[in-house]
Amino acid sequence: MSMRTHSFSSGPLRRAVAIICLMASIALFVFGLFLPIMTVRKGFLLFHSTQIYSIVATVEALWVNRDVALMGIVVGFSIVFPLWKYWVCLRFLFGNLRPEAARRLLHALRLLGKWSMLDVFVIAMLIVIIKVNGLVEVRSSIGLYYFGGSVITSMLLTSLLDLSMIRAFRSRPVPYRPLH
C-alpha cells in the first residue's frame, strides 16, 4: 500500500513562477543580510562619526554588547525563520510530502508568516527612535530594501504554495480542511 504524497504540481507555469520567486527571494535575502541596512552619523560640525550597519553587523554588535535577548530576536526573525521558510518551500517544490505533513508545514508557514515583517518594522522603528535625537542622522540603506524584497517575494511564494495545496487536496478524495 503506497502513501499519498504531495509535491508542487499546479502546472508548469505556476511551478516556474514559484521557482523564480524562490530564487529571487533567496538572492535578495543574502544581499539583504550583508549589505548596509542603515547608516548612522553621530555628532555635529567637524566632530562626527559614521557607522554603517548590516543585519549581520548588527547581530555582531549586539553580541559584543551582550544584548543577547535582542540578538536572539533579530537572529530568529531575520536569519533562522527565513532559512526555515526557504527549506519548507524547497520541500514543497522539489520533494514529496505526505498530505498531513504538507498541511502542518503550510499551517506553520501561515502562522509564522504573519511575523515575517517584524524585523523590517524593528529596523524602521530604530531609525525613527534614533532620529529623535538631534545629533544623530540615520538613513536607510540599500540592504533594507533587498531584505524587504526578500520578505515580499517569499510571501508571494507562500501564497502560490497555498493555492497549490488547496487545488491538490480538492482534486483528491482526501477531504481538504482549512487551517484557519
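Derivation of every value follows stated rules applied to the coordinates shown; laboratory data play no part. Remember, predicted model here, so these are calculated numbers, not experimental data. Ideal geometry is used to build each Cβ from the backbone, glycine not excepted, and the neighbour counts take in all protein chains shown.
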- [ ] Could you tally the net charge around L105, taking each other residue with its Cβ under 14 Å from the Cβ of L105, Lys/Arg +1 and Asp/Glu -1?
- [x] +4
Task: Placed amide H near L97: partners under 5 Å, 5+ positions off or other chain - done: H6, S7
- [ ] Give the dimensionless ratio obtained when the Cα radius of gyration of the range 1-112 is divided by 2.2 N^0.38 Å.
- [x] 1.51
